[in-house]
Every structure is written in structure tokens, then in C-alpha cells.
Amino acid sequence: MGVAVAVVLIAALVSALLAPGGGSRDATAASPAGDQKGGSRQPAGTHTASPSHTPATTPATTVPAVPDSIQHRAEAPGRAVNITIDDGPDPMWTPKVLQVLKRHHVHATFCMIGPQAKGNPELVRRIVAEGHRLCDHTVTHDESMDHKPFAYQQKEILDALDMIEDASGGAPVQYYRAPGGAFTPASRALAAQHGMRPLGWNIDTKDFSRPGVGTIVATLKSEIHNGPTILFHDGGGNRSQTVTALDQSLTWLAHQGYAFSFPKVR
């Protein structure tokens, strides 16, 4: 009888091992289907490029989604403006911009180019430590990216996000600003999925072209009625005019009774 029981047990074990799906789960089992934007979806908790170097479309960590409409409004009620600083960080000009902001007790949103952030992590961490916010401004500042495939836009946005997060030590990147306003519905949705509110502007001071300090300040004054979000630059070249114009602009805005805020995220 003991022999018969042993034979039955051995037969059952062999049958289980030979059955389809027997043993441990295959580590290469199919992942969920790609999303409707055409990007490959990665398992939760990933945000690195796949072997084909196509970034994932899901956030690295659980990040609450935000609206994908382009934001201009300020968080603070009433007469408030948002100072935004683009194209850095730059080792020469960003510290000077930070000094001006600190002197006026103003916080700003820094829209960073990925490689600039990667190359200047100490500046990124200083920006965060001094109470400013971070914004993804892509890898290459391609102002024609809205005419290129979504996979290209995806890589520009998510690779820059990785670089900025790494440089900052994991600080939240709360906004995405497309170079030259080259937003697309798909790129806005991607940014929002990763917790980054698409960020526009109302006043372009034209400081990038170095028209002169007086002209930069005059542009801000003449366009202040357009809305609260103001665009300056700390990268892309000599920003000495910007530093002086920002100082004068913050003084004028304060005298006009404006408060200083951040753009609304939600």
C-alpha cells in the first residue's frame, strides 16, 4: 500500500511540472499594452529609457496627475505676478539672478535645460534650497519640436526630467514649458501625467536678445496688463542686462503693489 501511494504522489508531481505555466512565473511575461499616445508603458516604479532608448510614459514614482491645459495664473489671489527664469542654470548668471531674487525676497520658477541642470547640480540644489520651483524646459530647446514625432517630444521631455530630478536630489519638477511655446496636445498630456503643469507666459521681456536694460524694463511695464507670468532668462549667453533689468523690474512691481507668487499647478 505504501508503494502505491508513493507512485501516485510521484505521478502527480510530474504532471504538475509538465503542465503549461507550471513552475515559477516567467520574468519576461508581457507588460500592459502601450497607451493611446503610442509610447510603450513600463511597469510602475520605472522612469528610465527602455533598451531602445525610448523613455517610459509612466512616472518614476506615483505623482498626482495635473491638468494639461497651459497655465498662466498665479497661486496668490489679487495683484500677483509669477517670475519665471529660462534656459539655465548657468554657472555665471544664475548666481547673480539668485542674488537679485534674494535681495527682493522673491521666489521664482526656473525652467531648466536638462544638460544644464546635469552639469550644474550644485546650482540646482541651491535653487531648491532657496525656495524656488523647478520646471522642465527639455533637453535641446528645440522650438520646432511640435512638428516632430511624439517619440521625439517624449524623449526631450522625459530625459530632461530625469536630469533635473537627479541634479536636484529628487526635488519635484512641477511645470513643463515647451521651448518657444511649441506645445502639442500629446506633449501636454505627457507632462501632466508626470505631475508637470504646462506653463505659458504673458509677458516676454525679450531680454534674450539683449535690447538694453531700459528696453527690457519698458517692455515689462507696457505689457503688465497682459497677465501675471513674466519671462526672463538666466541662460543662453550674456545675461548681464537681465540681472540689472530684473532688479529694476522687481522694484517697480513692488512699488505698484504687486505680490510675487508661483504659477498655479492645479
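Take the residues in segment 231-266 that are part of a loop (DSSP other than H, G, I, E, B) and in contact with a Ser or Thr (Cβ under 8 Å, 6 or more places away or on another chain); name whichever of them is surrounded by the fewest Cβ atoms within 10 Å (Cβ to Cβ).
Among those residues, the one meeting the criterion is F262.
For segment 180-199, how many residues meet the condition of being in a helix (DSSP H, G or I), hydrophobic (A, V, I, L, M, F, W, C), open to solvent by 10 Å² or more (accessible area, probe 1.4 Å) and in contact with a strand residue (DSSP E or B) (Cβ under 7 Å, 6 or more places away or on another chain)?
So the count comes out to 0.
So which of R177, R125 is among the basic types (K, R), touching a residue at least 40 places away in the same chain (Cβ under 8 Å), in contact with a Ser or Thr (Cβ under 8 Å, 6 or more places away or on another chain) and surrounded by 23 or more Cβ atoms within 10 Å (Cβ to Cβ)?
Of R177, R125, the one residue that is among the basic types (K, R), touching a residue at least 40 places away in the same chain (Cβ under 8 Å), in contact with a Ser or Thr (Cβ under 8 Å, 6 or more places away or on another chain) and surrounded by 23 or more Cβ atoms within 10 Å (Cβ to Cβ) is R177.
Do the conditions hold for L158, that is, is it among the aliphatic types (A, V, I, L, M), over 18 Å from the mean Cα position of the chain (by Cα) and not in a loop (DSSP other than H, G, I, E, B)? Lay out the reasoning, then the answer.
Working: among the aliphatic types (A, V, I, L, M): yes; over 18 Å from the mean Cα position of the chain (by Cα): no; not in a loop (DSSP other than H, G, I, E, B): yes.
So L158 fails the test.
Only one of D162, D136 is at pLDDT 95 or above and surrounded by fewer than 22 Cβ atoms within 10 Å (Cβ to Cβ). Can you tell me which?
D162
The values are calculated or read from the model by the stated rules, or taken from the named source; none is laboratory data. Owing to the predicted nature of the structure, the values given are computational and were not obtained by experimental measurement. Heads up, the Cβs are rebuilt from the backbone with ideal geometry, glycines too, and the neighbour counts pull from every protein chain shown. With ligands, DNA and RNA removed, areas are computed over all heavy atoms of the protein, side chains included. Shrake-Rupley method; radii C 1.70, N 1.55, O 1.52, S 1.80 Å.
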